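The values are calculated or read from the model by the stated rules, or taken from the named source; none is laboratory data. Please read these numbers as outputs of a predicted model, since none were measured by experiment. Cβ placement follows ideal geometry from the backbone for every residue including glycine, while neighbour counts extend to all protein chains displayed. To get the accessible areas, we keep the full protein, side chains included, count just its heavy atoms, and leave off ligands, DNA and RNA. Shrake-Rupley method; radii C 1.70, N 1.55, O 1.52, S 1.80 Å.
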Amino acid sequence: MKLVLWFLFGLCVWAEGINFAREDDEHDHGPELDWWENGVFYQIYPRSFKDSDDDGVGDIKGIIEKLDHLADLGVTGVWFSPLFKSPMKDFGYDISNFREIDEVFGTMEDFDALLVKAKELGIKVILDFVPNHTSDVHEWFQKAKNGDPEFRNFYVWREGKDGGPPNNWQSVFHVDAWSLPTDVDVEGNEYYLHQFDAGQPDLNYNEPKVKQEMTEMMEFWFDKGVDGFRIDAINHAYEHPDFLDEPLIDETEPLFYENMHHIYTMNQNESYDLIYDWRELFDEHSVKAGSTKLMMTEAYADLEQTMRWYGNDERNGSHFPFNFAMINRVTNATNAAEMKVIIDEWLDNMPDGANANWVLGNHDRPRIASRFGTDRAASFAILELLLPGIAVVYYGEEIGMVDNRAITFNDTKDPQAINTSPETYQLYTRDPVRTPFQWDDSDYAGFKTTAGEKPWLPVHPNYKEVNLAAQKTNSKSMYNLYKQLIELRKKHTLQYGDFTAKALVNNVFAFERSLADHNSYVVVINLVSSEVQLNLKNLNENISKVKVVLTTPDSDYAADAEVADVENMILRSHDAVVFEVIAGSAALTGSLLLLLVAVLRSLFIQ
């Protein structure tokens, strides 16, 4: 009899075993992830996060004051747009001293306090490194333009041609990419290159001293305890040595940046080699610190060019190059099949062992809710945060902030737009996506008090309704959705699991995250504005029952509800739902348990 009992008990345990294995308290599926892998990185534009001294500009003390918000949200690390000394012609991307904090943001002591607070909260700190250029007031350029032989070769100089610039190169900021220096001791005909604003002269990386200076700069911040760098516009670092004219895309159209093939000013082989060299530096300091020093690279380029930033067969590159496919290619017209192609292309082309990443917005591009509509922002949050790999979240996206397009041409601060015209500036201005964070419904949305200067950019007028304080008390808010999604990412299936995506009928994009002996998760996203039918068996025929985990705020599905009829489901307009797949062994387990109870009753009755 004991043998029978043990057999029945063992059978029950076997049937239920998969449920025991699904618990996330053991690690049994490969190497532990490093701190940055599968992370969520939150980008702060410091001027617009929190103003502590009422001068109208956000600062480090304000960031420290609000750092608990990021801890509550659950992010892995925070990436700061530049905090370095700058005349602010391009709001920090024109650096005049790479080893000083600009006074508008505070002091080095403030930054040290920020590092301490971030460490206490378990938040990694990533700085923005701008290697392509300096400010024109940087000591190096001031000496270079006046002929100092030690610094002249720090920058790119060329003789003019036919009474004008050396060639037809245009800057990203819609002016000639060449300028004659002003206020020089000896006038000449040598132009300096600036692929962005005229106040941002390009550095010459063919000069070994420039590379050495930048190496020492990064070491300075590593020694302070910074956890990594996001490397800005790295594909602009080198130019073709022949300085040839760049061809026009359309010969019938005028000469302007967007009408040119930038084959001589971007994506040169030497730029990749520079990153590979710097990766060795990062790895050396990772060993020294006992923790990975993270390198992220920014380069708007095609897929093949972008993948090269990961490294090659012989050398490592960045830990991850930013994936801008969802920024560059996803629109409101994108259908499920196209979405699958965009996502699969990145996953299929990554080098073995590399980490994917997903970016939907940043300080240069329109916000998610403005690009796709406020009714779709939640579904895109679910998409971004549950795809395999790293998610990068721009400040304010977690509360559904939108662009402030009411900023007039006369009030525009962005040099990229100022160089255009009142008729076209809206195509280029980045000011609408950089407005102050909306903390609450008080004056200036809690960004500052009513004292002192007005905010450097106007707060969006919808702050009375769209703000963090209001969303914290609303269980169906965007903020609480982000918080739940980031917590859900800790599940082993979503950290280590396989990924399978399908474009289902009715324009539903669906994917499954699965891991042996763990719960599977299914995500479905309705990409159209009408109600659609859904059959989950078209994603995986073995799915027979699911439980609702998370939904977009207006969904008809309720969290924790179980759905048995998976072949006849309905998704509302732009709805997105996360399901947990219920294992098919549950019925067998229940039957065996009932059998065991019956046997025991029979024995005790006897």
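Using alpha carbons only, how many degrees (0 to 90, rounded to 10) separate the axis of helix 336-349 from the longest principal axis of the chain?
Orientation of helix 336-349: about 70 degrees from the principal axis.
What pairs in 224/472; 413/448; 491/545; 85/472; 209/288 have C-alpha atoms more than 28 Å from each other?
224/472; 85/472
Short version: ³J(HN,Hα) in whole Hz for each residue of the range 296-307, in order, from phi by Karplus 6.51 cos²θ - 1.76 cosθ + 1.60 (θ = phi - 60°), x for Gly and Pro, what are they?
Whole-Hz 3J(HN,Hα) from phi for the range 296-307: 10, 10, 10, 7, 7, 7, 6, 4, 4, 5, 5, 4.
Please work out how much length the chain gains when fully extended from residue 561 to residue 475, using 0.36 nm per residue of separation minus the C-alpha to C-alpha distance, in nm with one decimal.
Roughly 29.3 nm would be gained on extension.
In whole Hz, what ³J(HN,Hα) sequence does the range 214-222 give by Karplus (6.51, -1.76, 1.60; θ = phi - 60°), x for Gly and Pro?
Residue by residue, the range 214-222 yields 5, 4, 5, 5, 5, 4, 4, 6, 4 Hz.
Are there GluC sites (Glu not before Pro) in the range 120-185 that DSSP marks as loop and that have at most 14 other Cβ atoms within 10 Å, and which are they?
In loop regions of the range 120-185 (DSSP not H, G, I, E or B), the sparsely surrounded GluC sites (Glu not before Pro) are 150.
Taking all protein chains as present, what is the carbon and sulfur share of the accessible area of the chain, in % to the nearest whole number, probe 1.4 Å?
The C+S portion of the solvent-accessible surface of the chain is 50 percent.
Within the range 93-113, whose backbone N sits under 13 Å from a point 7 Å along Cα→Cβ of residue 139?
Label zone hits: 96-100.
Report relative contact order for the chain in percent, whole number only (criteria: Cα-Cα under 8 Å, sequence separation at least 6).
In percent, rounded to a whole number, it is 13.
Nearest 10 degrees is fine. How inclined is helix 2-21 to the longest principal axis of the chain, computing both from alpha carbons?
20
Sort the range 168-324 into rounded, prolate or oblate with this rule: let a ≥ b ≥ c be the square roots of the eigenvalues of the Cα gyration tensor; rounded if a/c is under 1.5, and if a/c is not under 1.5, prolate when a/b is larger than b/c, oblate otherwise.
In terms of gyration-tensor shape, oblate.
So between residue 269 and residue 314, what do we pick up on full extension, going 0.36 nm a residue minus the alpha carbon distance?
Gain on stretching residue 269 to residue 314: 14.7 nm.
Report the full-extension gain for the segment residue 32 to residue 219: residue separation times 0.36 nm, less the Cα-Cα distance, to one decimal in nm.
Full extension of this stretch gives 64.6 nm more.
What are the ³J(HN,Hα) values, in whole Hz, obtained from phi via the Karplus relation 6.51 cos²θ - 1.76 cosθ + 1.60 with θ = phi - 60°, for each residue of the range 199-204 in sequence order, with x given for Gly and Pro?
x, 10, x, 6, 7, 9
I need the shape label for the range 396-457. Rule: rounded when a/c is under 1.5, else prolate if a/b > b/c, else oblate, with a, b, c from the alpha carbon gyration tensor.
Taking the square roots of the gyration eigenvalues as a ≥ b ≥ c, the range 396-457 is oblate.
Would you mind getting me the FRET efficiency between residue 288 and residue 206? Use the beta-carbon distance for r and R0 = 25 Å, nearest 0.05.
0.30
Can you tell me the relative contact order of the range 254-406? Whole percent, Cα pairs under 8 Å, sequence separation 6 or more.
17
Could you tell me the calculated FRET efficiency between residue 344 and residue 54, based on Cβ-Cβ distance and R0 = 60 angstrom, to the nearest 0.05?
0.75
Using Cα-Cα distances under 8 Å and only pairs 6 or more residues apart, what relative contact order does the range 136-185 have, in percent?
24
Using alpha-carbon positions, what is the distance between the centroids of the range 259-325 and the range 355-390, in Å?
Distance between centres, Cα-based: 23 Å.
Rounded to the nearest 10 degrees, what's the angle between the helix 60-73 long axis and the longest principal axis of the chain, both from Cα atoms, 0 to 90?
The answer is roughly 20 degrees.
What is the ratio of the Cα radius of gyration of the range 384-507 to 2.2 N^0.38 Å, with N the residue count, to two decimals?
So the Cα radius of gyration is 1.36 times the expected 2.2 N^0.38 Å.
When the helix-only estimate is applied to the chain (DSSP H runs of n ≥ 4, each -39,500 (n - 2.57), divided by the residue count), what is the mean residue ellipticity at 222 nm, nearest 500 deg cm²/dmol?
Helix-only estimate at 222 nm: -9000 deg cm²/dmol.
Name the GluC sites (Glu not before Pro) in the range 33-117 that are in a loop by DSSP and that have at most 14 other C-beta atoms within 10 Å, would you?
Of the GluC sites (Glu not before Pro), the ones in loops of the range 33-117 whose Cβ has at most 14 other Cβ atoms within 10 Å are 103.
Taking the Cα centroid of the range 102-149 and of the range 463-501, what is the distance between the two, rounded to the nearest whole Å?
32
Taking amide H positions as placed in the peptide plane 1.01 Å from N, state which residues far from residue 268 in sequence (5 or more) or on other chains have amide H under 5 Å from it.
Amide H neighbours of residue 268: 238.
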